[in-house]
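**Student:** So that we are looking at the same thing, I have put the structure below in structure tokens.
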Amino acid sequence: MTASPPPAGSTEPAASSPPAVGAAAGPGGGPDLDHTSFAVHDALGWARRLRRELGATPITGEVLAEFRYLLLYAGSASAGARLELMEPTGAGFLAGYLAKRGEGPHHLTFTVPDLRAAVARARAVGADVVGESYHHPPWREAFIRPDGRHGVVVQLAQSDRAYPAPGELLASRDRDPETLPSVSGATEPLWWTSLWETVPGPVAELGATRLASTDPEFSRRLFGDVLGGAARAAEDHVEFAWPSGSVRVFPAERPGVRGVDLPDGRPSGPRIGPAAIGPD
């Protein structure tokens, strides 16, 4: 969920495997991993595939001037993660991104209880923050510009609304747009409801988002110190965990989101551009 973040490599400012048991973006509480977002040509087509192959269930979606998005949850009542599909509806940043790079990961979104404070902390550790927007309580936002360290936009957001808990999402098709996080100027909050016609497959519990970093120390400061992720170090990576998901950071010469984990033993899911859902 985003207004118009800077595409990877842009110099232009923005226009406006732990259990996922939290209701991210809600008022109060600490920082949380909201979702991993993918730029695609056909959001509904991809959503149907993810529903068939991963049992994904829709949460919300909206239409903006240049694109529309659909937020999904893939998991059980006790474990899983959210992912977003963004599709261009005309000329603009997303159409340009897809023309240049093709389908694939576009951004990571974190919700925070105090956006202004989070922006100040991010700048203090050396992040280039652009596109600050504080006027719309259902979705305030700012963007950390993609660079050679992570190669992906990091969105910071604050909302006075909350998503239903996973168990609630899975138990009902009712979605009340008036209670859900919503981007300023968005319309058509139920554009995606034909997705319910797709029969869901067996539920897959999405795990950690895999992120290659050329500067693991900066990653530690951003995800740990600024965004409050609980760090767990392994031999070849550090995993930062929040109530609704985690990011596994590993050193690499080429940065970027490489994929999202699936439970051990489950066959690989689909690949969205260079990012694998399941083992890489």
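**Student:** Under a plain spin-label model, where a point goes 7 Å from the Cα along Cα-to-Cβ, how far apart in nm are V125 and D160?
**Tutor:** 2.9 nm
**Student:** Between E235 and E132, what is the FRET efficiency for a Förster distance of 35 Å, r being their Cβ-Cβ separation, to the nearest 0.05? Please report the intermediate quantities before stating the final value.
**Tutor:** Values: r = 38 Å, r/R0 = 1.09.
Efficiency computed from Cβ-Cβ geometry: 0.35.
**Student:** Cβ under 15 Å from E178's Cβ, E178 left aside: what net charge do those residues give with Lys, Arg +1 and Asp, Glu -1? Display every interim value, and only then the final one.
**Tutor:** Numbers: positive: R161, R175; negative: E62, D160, D174, D176, E188.
Counting the neighbours of E178, the net charge comes to -3.
**Student:** A further question follows. Could you grab the relative contact order for region 44-196? Cα pairs under 8 Å, six or more apart, rounded to a whole percent. Please report the intermediate quantities before stating the final value.
**Tutor:** Numbers: 255 pairs, mean separation 40.2, N = 153.
Relative contact order here is 26 percent.
**Student:** Residue separation times 0.36 nm, minus the C-alpha to C-alpha distance between D114 and D280: what's the value?
**Tutor:** Details: separation 166, 0.36 × 166 = 59.76 nm, distance 3.52 nm.
Extending this stretch completely gives an extra 56.2 nm.
**Student:** Can you pull the three principal axis extents for the Cα set of region 58-149, in Å, largest first?
**Tutor:** Answer, in whole Å and largest first: 38, 34, 29 Å.
**Student:** Taking the Cβ of H136 as the centre, find all other residues whose Cβ is under 13 Å away and add up their charges (Lys, Arg: +1; Asp, Glu: -1).
**Tutor:** On the way: positive: R140, R161; negative: E62, E132, E141, D160.
Net charge around H136: -2.
**Student:** To the nearest 0.05, what FRET efficiency results for D264 and R52 with a Förster distance of 25 Å applied to their C-beta separation? Present the calculation step by step, with values, prior to reporting the outcome.
**Tutor:** Values: r = 22 Å, r/R0 = 0.88.
So, using R0 = 25 Å, E works out to roughly 0.70.
**Student:** Further, regarding this structure: Please state the shape class of region 131-178: rounded when a/c is under 1.5, otherwise prolate if a/b exceeds b/c and oblate if not, all from the C-alpha gyration tensor.
**Tutor:** oblate
**Student:** Also, quick follow-up: Answer rounded, prolate or oblate for region 171-219, using the Cα gyration tensor with square roots of eigenvalues a ≥ b ≥ c: rounded when a/c is under 1.5, else prolate when a/b is larger than b/c, else oblate. Intermediate values should be presented prior to the final figure.
**Tutor:** On the way: a/c = 3.03, a/b = 1.51, b/c = 2.00.
Taking the square roots of the gyration eigenvalues as a ≥ b ≥ c, region 171-219 is oblate.
**Student:** Among 237-246, 210-219, what's the highest-first ranking by average C-beta atoms within 10 angstrom per residue? List each step's numbers first, then the result.
**Tutor:** Working: 237-246: 22.7, 210-219: 19.4.
Packing proxy ranking, top to bottom: 237-246, 210-219.
**Student:** So, with +1 on the Cβ of K and R and -1 on the Cβ of D and E, and no other charges, what is the size of the charge dipole of region 177-280 about its Cα centre, to the nearest 20 debye?
**Tutor:** Working: 9 positive and 14 negative charges, 28 e Å.
That gives a dipole near 140 debye.
**Student:** Mean 1/r over all different Cα pairs, inverted: what Kirkwood radius does the chain give, in Å?
**Tutor:** Working: mean 1/r = 0.0546 Å⁻¹.
Its Kirkwood hydrodynamic radius stands at 18.3 Å.
**Student:** Could you sort 194-206, 143-155 so that the peptide with the highest average Cβ count within 10 Å comes first and the rest follow in order? Spell out each step's value before the answer.
**Tutor:** On the way: 194-206: 15.8, 143-155: 22.1.
Listed from highest to lowest mean packing, they are 143-155, 194-206.
**Student:** Something else: Step by step: find N for region 114-249, compute 2.2 N^0.38 Å, then divide the Cα radius of gyration by it. What's the final number?
**Tutor:** Ratio of Cα Rg to 2.2 N^0.38 Å: 1.22.
**Student:** Of P164, A212, A122, whose Cα points farthest to the positive end of the dipole of the chain (charges on the beta-carbon: +1 Lys, Arg; -1 Asp, Glu; origin at the Cα centre)?
**Tutor:** A212
**Student:** If the convex hull of the alpha-carbon atoms of region 25-181 is projected onto planes in all directions, what is the mean projected area in square nanometres?
**Tutor:** Numbers: hull surface 38.7 nm².
Its Cα hull, projected and averaged over all orientations, spans 9.7 nm².
**Student:** Quick one: compute the contact order of region 161-272, relative version, from alpha carbon pairs under 8 angstrom and 6+ residues apart, as a percent. Could the numbers behind the result be given before it?
**Tutor:** On the way: 125 pairs, mean separation 30.3, N = 112.
Relative contact order, region 161-272: 27 percent.
**Student:** Size of region 217-280 along its principal axes in angstrom, Cα-based, largest extent first?
**Tutor:** 34, 28, 21
**Student:** Report in % the part of the accessible area of the chain that belongs to carbon and sulfur, leaving out ligands and nucleic acids; probe 1.4 Å.
**Tutor:** Numbers: 5540 of 10780 Å².
Carbon-and-sulfur percentage of accessible area, whole number: 51.
The values are calculated or read from the model by the stated rules, or taken from the named source; none is laboratory data. Everything numeric here is computed off the predicted structure, so don't read it as measured data. As a convention, Cβ positions derive from the backbone with ideal geometry for all residues, glycine included, and neighbour counts pool all protein chains shown. We work out accessible area using only protein heavy atoms, side chains counted, and drop any ligands, DNA or RNA first. Shrake-Rupley method; radii C 1.70, N 1.55, O 1.52, S 1.80 Å.
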